[in-house]
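What follows is a short report on a single structure.
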Amino acid sequence: MSAVDDAFHGLRQMIASGRLVAGQKFPAEAELCEELGVSRGSLREAVRMLAALGVIESRHGSGTYVSALRAADLVGVLALTVDLLPLSGLLDMYELRRVLETHAAVQAAARITPETALELQRLIDEMEATDDPATASALDAEFHQTIAQTGGNPTLVALLNVFRSRSRAYQVFTLPQGPELKDISDRGHRAIASAIIAHDPTAASTAAAAHVALTESWLRQFQLELEPLPQLPGDAG
């Protein structure tokens, strides 16, 4: 390993072992260099790497500290790498997204409030009313984020946001079949919301899984651009 790697893994081990805890200030640079057997330049590069991962933070005029180490914040940093994935790589992760979105819908069905129910209905109404793909995509993201937040797990919210932000780079509604696909998607959103508002976790799970699976199939066809895009059973066409 390089000296930078030695410094990086050494600092990482200090944090993982609990020697340095959330919010704690780092020891003096000279002390760390001596302990890790690296130069100041290598140590500083390792610190920059950990800062990019959200593990540590530099406070102007004060020094370097371990971050709060909140799971949601660290998961959110995954966007740095997930955003680099090609569509094929994103699709490889869709099985995980389907499981997480399904779980989020189940949790939301147990915790939905009248205020959140109204918010979901508002978002669906606005999605159905717009024919602008960018607006529809933004409302779609807000709709799913609202469901995840209702479940009450900020780490799950952060992870799903990472997946969705990358998915939004591929706008299937701009395809020639876009209006038809949007109509199918809108109905999927209504099915999810209706089940959640009815406090029906089984129906919410089924609707969410079907919606994400269908989105995945559209993206796979978007990737191939060879075959007609699939429709839900019973759709005209």
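For segment 91-212, give the magnitude of the charge dipole about the Cα centre (Cβ charges: +1 Lys/Arg, -1 Asp/Glu; no others), in debye to the nearest 20.
400 debye
For the chain, what is the accessible area per residue in Å² when the probe is 1.4 Å?
51 Å²
Angle check, please: helix 40-52 long axis (alpha carbons) against the longest principal axis of the chain (alpha carbons), in degrees 0 to 90, nearest 10.
Helix 40-52 sits at roughly 20 degrees to that axis.
Calculate the length of the line joining the C-alpha centroid of segment 71-122 to that of segment 147-195, in whole Å.
The distance from the Cα centre of segment 71-122 to that of segment 147-195 comes to 9 Å.
Hey, could you grab the Kirkwood Rh for segment 98-183? Inverse mean 1/r over distinct alpha carbon pairs, Å, one decimal.
Result for segment 98-183 stands at 13.6 Å.
So what's the chain giving for Rg/Rh, alpha carbon basis, Kirkwood Rh from the mean inverse pair distance?
We get a ratio of 1.10 for the chain.
Please get the size of the charge dipole for segment 1-97, origin at its Cα centre, with Cβ charges of +1 on Lys and Arg and -1 on Asp and Glu, quoted in debye to the nearest 20.
For segment 1-97, the charge dipole is close to 300 debye.
Compute the acute angle (0 to 90°) between the alpha-carbon long axis of helix 154-167 and the principal axis of greatest extent of the alpha-carbon atoms of the chain; round to the nearest 10°.
That works out to roughly 70 degrees.
Which value, in Å³ per residue, describes the convex hull spanned by the Cα atoms of segment 1-98?
Residue-normalised Cα hull volume stands at 131 Å³.
What do you get for the angle between helix 201-224 and the principal long axis of the chain? Use alpha-carbon atoms, 0 to 90 degrees, nearest ten.
Taking Cα atoms only, the helix is inclined about 80 degrees.
Report the gain in length on full extension from LEU84 to THR155: 0.36 nm times residue separation, minus Cα-Cα distance, nm rounded to one decimal.
Using 0.36 nm per residue and subtracting the Cα-Cα distance, I get 23.4 nm.
Dipole of the chain, Cα-centred, from +1 at each Lys and Arg C-beta and -1 at each Asp and Glu C-beta, to the nearest 20 debye?
The calculation lands at about 720 debye.
What does the charge add up to near ALA208, with Lys and Arg as +1, Asp and Glu as -1, over the other residues with Cβ less than 9 Å from its Cβ?
With Lys, Arg at +1 and Asp, Glu at -1, the net is 0.
Which percent of the accessible area of segment 24-85 is formed by carbon and sulfur heavy atoms (probe 1.4 angstrom)?
The C+S portion of the solvent-accessible surface of segment 24-85 is 57 percent.
Using a Förster distance of 41 Å, how high is the FRET efficiency between GLU29 and GLU142, based on the Cβ-Cβ distance and rounded to 0.05?
Here the calculated transfer efficiency is 0.40.
When the Kirkwood hydrodynamic radius is evaluated over all pairs of different C-alpha atoms of segment 1-55, what value in angstrom, to one decimal, is obtained?
When all Cα pairs of segment 1-55 are included, the Kirkwood radius is 11.1 Å.
Order MET127, MET93, most accessible first, counting only protein heavy atoms with a 1.4 angstrom probe.
Correct descending sequence by accessible area is MET93, MET127.
Taking the Cβ of THR150 as the center, what net charge do the other residues with Cβ under 15 Å away carry, scoring Lys and Arg +1 and Asp and Glu -1?
Counting the neighbours of THR150, the net charge comes to -3.
To the nearest 0.05, how large is the calculated FRET efficiency for ARG111 and ALA71 if R₀ is 30 Å and r is the Cβ-Cβ distance?
That gives a FRET efficiency of 0.95.
The values are calculated or read from the model by the stated rules, or taken from the named source; none is laboratory data. Only a predicted model underlies this, so the values are computations on that prediction, with no experimental measurement involved. Ideal geometry is used to build each Cβ from the backbone, glycine not excepted, and the neighbour counts take in all protein chains shown. When the accessible area is computed, the model is the full protein with side chains, heavy atoms only, and any ligands, DNA or RNA have been set aside. Shrake-Rupley method; radii C 1.70, N 1.55, O 1.52, S 1.80 Å.
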